[in-house]
Amino acid sequence: MKKTYSILLLAILGILFAMFGVGFLGVIPQKETVQTTVQTSEKKATPQERKNISFLASNQKKIVAPSPVQKISAAPVPLVQSKQTTPGPLVSFSGNTEPKGTLQSAEVVKWTNYQREQNGVLPLKRNSELDTAAIMKVHDMFEKQYFEHVSPTGKDAASLVLGTGYSYLWVGENLALGIFENEKDLVDAWMGSPGHRANILNGHYEEIGVAVDEGQFNGRHVWLAVQEFGKPSSSCPFPEPALKMEISQNQVIIASSTAQANALTDEMAKIESTGDNALYNQKVGIYNAIVEALNPLILSTRAMVEKYNAEIKAYNDCVGVPG
């Protein structure tokens, strides 16, 4: 009677695995042997008992640890690719022929943040590395007499900022040349240009560096002003590389163990036809040992994949990558 209940229980488990696609490898019952004084009679496993073998290859979805979203055009892995916003340089003369007074970078930051606050955007924090990049840009433009985002030597805003040691997810640059009454006049001129306004009000930016200087440009005494905007890499924690590596290692083990289990299944089918139950049961023991080690690994790897994917989503949301 106990044997009948055991067989019935295994049959029910087999049906549940088939219905719900649990995806684990089932333990195979060993064959019983009845000894007599004359001969050995072997009990064959019933078709219902054999149904309890549930193969990973057919029921288990392959666990895949996806790579970070490839369409991270706005903010990929720092120093590899990045979002750079550099609207065309602004030339503005306020009716004066010569600069009057002085322009202070701190005041430019103040009026920039005023515009952000008026438009519901968080203020920018000043960053010394971005300040350095802005100063270098102003001096380089005066020295080489050019007014472009890319210098004659091929340096753009991104390479300039990286050269100061600033690791970023987003970077942007505003340039202005002309005669400005004061810092507010300068910022208002930028706000009147769609591309420069977009940089000033860009919610992705968290930090700013500013430089303003006056000097001779193409035979005229003018102001040159630079704003360098940035979102540092540290703002968005990158998914754990060690977690992805562990998932990959587990995938190799799962694939190898599954192949082993499938090979044993084929062996057992051939041995069963010979009636050698002792050898059959030996293979069943090996198979079941593999199953007992493999199923917990599948569960833990699933959990790792979910955690890794959550980290990827959080990173992409942070840097502003479309879903």
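Could you give every pair whose Cβ atoms fall below 8 Å, whose first residue belongs to the stretch 148-162 and is over 18 Å from A225 (Cα atoms), and whose second residue is open to solvent by 50 Å² or more (accessible area, probe 1.4 Å) and among the hydrophobic types (A, V, I, L, M, F, W, C), counting only separations of at least 6 or pairs across chains? Close Cβ pairs satisfying both conditions: L162/L79.
Inspect the stretch 189-199 for any residue being of a type in the set (F, W, Y) and either modelled with pLDDT of 95 or more or assigned to a helix (DSSP H, G or I) (or both) and give the result as yes or no. The answer is yes, given that some residue of the stretch 189-199 is of a type in the set (F, W, Y) and either modelled with pLDDT of 95 or more or assigned to a helix (DSSP H, G or I) (or both). Filter the stretch 241-257 down to the residues that are surrounded by fewer than 16 Cβ atoms within 10 Å (Cβ to Cβ) and over 30 Å from S167 (Cα atoms) and list them by number. Scanning the stretch 241-257 gives Q249, V252, I253, A255, S256. If you go through the stretch 163-188 and keep only what is part of a loop (DSSP other than H, G, I, E, B) and not hydroxyl-bearing (S, T, Y), you end up with G165, F180, E181, N182. Scanning the stretch 163-209 for residues that are in contact with a strand residue (DSSP E or B) (Cβ under 9 Å, 6 or more places away or on another chain), small (G, A, S), open to solvent by 10 Å² or more (accessible area, probe 1.4 Å) and touching a residue at least 40 places away in the same chain (Cβ under 8 Å) yields S167, A189, S193, G195, A198.
Results for (1) open to solvent by 50 Å² or more (accessible area, probe 1.4 Å); (2) among the hydroxyl-bearing types (S, T, Y), shown as yes or no for each residue.
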position	(1), (2)
G215	no, no
S233	no, yes
P239	no, no
A259	yes, no
L299	yes, no
A310	yes, no
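Contact map, the stretch 279-294: residues that are surrounded by fewer than 20 Cβ atoms within 10 Å (Cβ to Cβ) paired with residues that are among the basic types (K, R), Cβ distance under 7 Å, separation 6+ or inter-chain. Pairs shown: N281/K31.
The values are calculated or read from the model by the stated rules, or taken from the named source; none is laboratory data. Here the structure is a predicted model, which is why all the values come from computation and not from measurement. Here Cβ is always computed from backbone atoms with ideal geometry, including for glycine, and neighbour counts include all displayed protein chains. Accessible surface is based on the protein model in full, side chains and every heavy atom, while ligands, DNA and RNA are left aside. Shrake-Rupley method; radii C 1.70, N 1.55, O 1.52, S 1.80 Å.
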